[in-house]
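Notes to accompany the following structure.
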Amino acid sequence: MSAVTLKIVTAKNRQAGSIELDPAVFSVPIKPYLLHAEVRRQLARRRRGTHSTKNRAAVSGGGVKPWRQKGTGRARQGSIRSPQWAGGGVVFGPVPRDYSHALPKKVRRAALCSALSLRAGEGAVTVVKELEIEEYKTKQVLELLSALKLSEASVLIVIEDANPYVERSARNLPGIGVVRAAGVNVYDVLRHDKLLLTRAAAETLCKRLGA
């Protein structure tokens with residue numbers, strides 16, 4: 001694995017040095033099956049699982065046989081709660097359940113490194129020295145993205161720690177996501193075309209995921 005060196009830019013898209021990213025995080029082989037497994041785990045965990053149906057024991061009515069067994073010319077029936085009746089019980093219907101399942105930590109880490117390496121290989125990672133947003137202004141986020149030539153793409157902004165100004169200013173922008181370095185995940189990385197990392201966030205990711 002070769003080291004990944006990216007230039008650091010200011011909020012006005014002027015070069016402000018460079019940064020060498022850990023190749024164990026941003027230059028590993030891409031493994032689609034790991035990406036699939038981790039995205040599937042994340043989406044399964046988000047399912048509420050509150051769907052429910054009633055079986056024949058739970059629906060009302062049907063305490064008596066609808067008609068006598070023989071002599072009517074009709075098919076025999078034992079209860080109007082049977083599934084073939086309108087309003088009858090459902091056979092093998094969904095019940096409340098938890099869809100989440102676990103993956104080993106090493107697999108999840110490898111999947112995230114694979115996703116980050118995919119974006120790095122595409123040249124879709126931008127490292128900014130810092131985000132100069134000091135008030136709740138969506139316009140400032142738009143100006144920042146425009147200066148960095150990212151206004152036409154879906155962008156995941158990765159910050160080091162909580163920053164209410166950035167998080168709240170960007171939350172109403174379609175296609176723009178903000179996540180802290182500790183919460184970077186495969187699903188968010190893959191569903192955005194570009195990654196915008198602060199220098200501190202990039203260093204934190206390398207420290208968190210590096211070998």
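Residues being charged (D, E, K, R), more than 28 Å from the chain's Cα centre (by Cα) and either more than 20 Å from residue 148 (Cα to Cα) or surrounded by 11 or more Cβ atoms within 10 Å (Cβ to Cβ) (or both): count how many of those fall in region 8-22.
Filtering region 8-22 down to residues charged (D, E, K, R) leaves 12, 14, 20, 22.
Remaining after also requiring more than 28 Å from the chain's Cα centre (by Cα): 12, 14.
Filter once more, keeping what is either more than 20 Å from residue 148 (Cα to Cα) or surrounded by 11 or more Cβ atoms within 10 Å (Cβ to Cβ) (or both): 12.
Number of matching residues: 1.
Filter region 116-125 down to the residues that are in contact (Cβ under 8 Å) with a residue 40 or more places away in the chain and either surrounded by fewer than 16 Cβ atoms within 10 Å (Cβ to Cβ) or outside any loop (DSSP other than H, G, I, E, B) (or both) and list them by number.
Looking only at region 116-125, we keep the residues that are in contact (Cβ under 8 Å) with a residue 40 or more places away in the chain, and these are 116-121, 124-125.
Within region 116-125, 116, 117, 118, 119, 120, 121, 125 qualify.
Sort through 102, 202, 182 and tell me the only one that's hydrophobic (A, V, I, L, M, F, W, C), under 23 Å from residue 34 (Cβ atoms) and in a loop (DSSP other than H, G, I, E, B). First the steps, then the outcome.
Numbers: 202 fails: in a loop (DSSP other than H, G, I, E, B); 182 fails: in a loop (DSSP other than H, G, I, E, B).
Matching residue, one of 102, 202, 182: 102.
Considering 189, 166, 141, which residue is in contact with a strand residue (DSSP E or B) (Cβ under 8 Å, 6 or more places away or on another chain), in a helix (DSSP H, G or I), over 28 Å from residue 111 (Cα atoms) and not hydroxyl-bearing (Ser, Thr, Tyr)?
Every option except 141 fails the conditions.
If we keep just the residues of region 126-138 that are crowded, with 16+ Cβ neighbours inside 10 Å and not in a loop (DSSP other than H, G, I, E, B), which is farthest from the chain's Cα centre (by Cα)?
Per the criteria, the residue is 128.
Does region 90-109 include one or more residues that are surrounded by fewer than 18 Cβ atoms within 10 Å (Cβ to Cβ), closer than 30 Å to residue 145 by Cα and in the same structural domain as residue 149 (by TED's automatic domain parsing)? Explain how you work it out, then say what you get.
Here is the first cut: in region 90-109, the ones surrounded by fewer than 18 Cβ atoms within 10 Å (Cβ to Cβ) are 90-107, 109.
Restricting the remaining residues to those that are closer than 30 Å to residue 145 by Cα gives 109.
So of that shortlist, the ones also in the same structural domain as residue 149 (by TED's automatic domain parsing) come out as 109.
So far as region 90-109 goes, yes, one or more of its residues are surrounded by fewer than 18 Cβ atoms within 10 Å (Cβ to Cβ), closer than 30 Å to residue 145 by Cα and in the same structural domain as residue 149 (by TED's automatic domain parsing).
I'd like the full set of residues that are of a type in the set (D, E, K, R) and surrounded by fewer than 16 Cβ atoms within 10 Å (Cβ to Cβ), limited to region 145-166.
149, 152, 161
Taking the condition of being in contact with an Asp or Glu (Cβ under 9 Å, 6 or more places away or on another chain), over 14 Å from residue 145 (Cα atoms) and in contact (Cβ under 8 Å) with a residue 24 or more places away in the chain, how many residues in region 164-184 meet it? Walk me through it before giving the result.
Of the residues in region 164-184, the ones in contact with an Asp or Glu (Cβ under 9 Å, 6 or more places away or on another chain) are 165, 169, 175, 177-182.
Checking which are over 14 Å from residue 145 (Cα atoms) leaves us with 165, 179-182.
From the residues that got through so far, the ones that are in contact (Cβ under 8 Å) with a residue 24 or more places away in the chain too are 165, 181-182.
The number of residues fulfilling the criteria is 3.
The values are calculated or read from the model by the stated rules, or taken from the named source; none is laboratory data. Predicted model, so just to flag it, every value in this text is computed and none were measured. Positions of Cβ are generated from backbone atoms using ideal geometry, with glycine treated the same way; all protein chains shown enter the neighbour counts.
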